[in-house]
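What follows is a set of notes on a single structure, which appears directly below.
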């Protein structure tokens, strides 16, 4: 029940909208016509207020036209040209304004005033010598003077130059200020100062007597009777139209109140029109346009009726344009091409990408060649009339082919951008291409690869984090009991009167516990550096001074070794920004590594160089053991001594690398046969670079 009510409201709202809009548009058309003929319209409105029809502008216009017509006929009759008189009686005459026509059908009444006219208007027309040569009044010999016949109260007399009017026994002002103005409703008769007098009219005399209350014509029509009758009809029309406008306002309110239902109905109608081809819609729009311009009827009322009938057509066009955006794309040609494209797509899915592109290029060349050939032949037969159509079709095929390749270029650009992002390790969203894209499968495969890489990286990071946490926790757990062991060993060392072999045991325990303590501290430091939790105190420092200090602190071990150190460090400061304590540990580990693994009797080279804004500390030595270049000895617990006969833990180089990178430097190892080279590189501070430039100059 509710659905039926909504449907009824929608239909009533739609009908109310059409009727109200039609009435308002018709009113607007009448208003525009009123404004375009404002003076004439205002004269008609003023006539509606007059109770006496002889005081109306229509009456003055009618009598003025009749007088001018009579004078013209008299001028023609007075001519000696018989042919002119015959032509006058057999033709139609209209005044200069073209408002009314007078027909000459009776030789006895050459002025066209028939019997019905005589019932309301008496006339006597003649010359100065014979003023009653023509008359339609057989009862009165002289209407120029004396009392008017019974029922008549208006008399107009033309004396050859001017016009005088008598109404109800009193004179009427005809000329006013003496100047005629066409828009003022004045008498359009001879005698005004701004109107040239016709000398041919000086001998004519005319007397027109009008009835006070016009009587209805018996056969035909009477202009004077029509004046009050048309006024009453016009007034009735205005009253009826006012009621119609009020009714349209009520309809407009209904249309506004139920506008939601009307819009829903409009959407449903538009849903049906969306399935129509554009060619049908274009033909319908042309038909509506012809109907609007009055293609059926050339008269103004006919045009208005045609326009009102075309309103539903405009409504259908409007809702189709509003709700069916881009409906022009649904046309016969595009539908045929789309269906063929769908067929081609099904066929192309089985082909590789390069074959698809070649097939499309072949189709494009074929379409262009066939269109050009057929268009050329038809243009020859039609003398070039179909040449624009041929050109348009060729441009259309080129546009469709270019559109496909533009889409392919855009998808290829997005795909390469995604590949670059994956290569750089950026975290990007999955690449989604349209269903009909030729690169959709490649994008899907790339998304799978990226997802796999991200998953592997996450698993590796998670594993590394767990490893670091495990090492850190184990190191912390071992450190507590180890501290107790070291404390008890110290107590045992203080005992006296112990046997010598017990003292040897205590000495071994002391050495091993201290080594274990240092190893646990190294593991703890490496873990902190790897996890990024190491606290650093970054400050400018002299790298050369730091290296000299490290060598000085380890001078006892250097002197005790069978190695010869060659140090090449410049005297001027080499300033970098780093944590001095951590970097001291780096060089300490490198020197210790050289002392532990270098071949006896060889030289160890320590140098500091500057180049391209970087400072590099290099330490070179000959290894005692054979080195494997395929093994990364900077990894934790990896030692150059594969047999593990030395006291090293395999953490020295790992700590050196971790600390260097944590301070913002770069640590690298180079193995050339038995030559082992470790390099620590840091960017110079701006101050050091500024000091370096003058020395270079």
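Full extension of the chain between residue 536 and residue 257 gives 92.9 nm of extra length, using 0.36 nm per residue less the Cα-Cα distance. Within the range 332-420, the percentage of alpha carbon pairs spaced more than 17 angstrom apart rounds to 60%. Under the simplified labelling scheme, the residue 51-residue 377 pair shows an inter-label distance of 8.8 nm, with each label point 7 Å from Cα along Cα→Cβ. Across the range 332-420, Cα pairs under 8 Å and at least six residues apart give a relative contact order of 22 percent.
Stretching the chain fully between residue 27 and residue 457 yields a gain of 147.0 nm (0.36 nm per residue, less the alpha carbon separation). Extension gain for residue 429 to residue 159 (0.36 nm times residue separation, less C-alpha to C-alpha distance): 86.7 nm. For the range 156-300, the relative contact order works out to 16 percent when only alpha carbon pairs closer than 8 Å and six or more residues apart are counted. What is the distance in Å between the Cα centroid of the range 224-299 and that of the range 142-199? Measuring centre to centre over Cα atoms gives 48 Å.
Read-outs: derived from the displayed coordinates by stated rules, not from any lab. Computed from a predicted model, the values in this text were never measured in an experiment. Cβ: placed from backbone, ideal geometry, glycine included. Neighbour counts: every protein chain shown.
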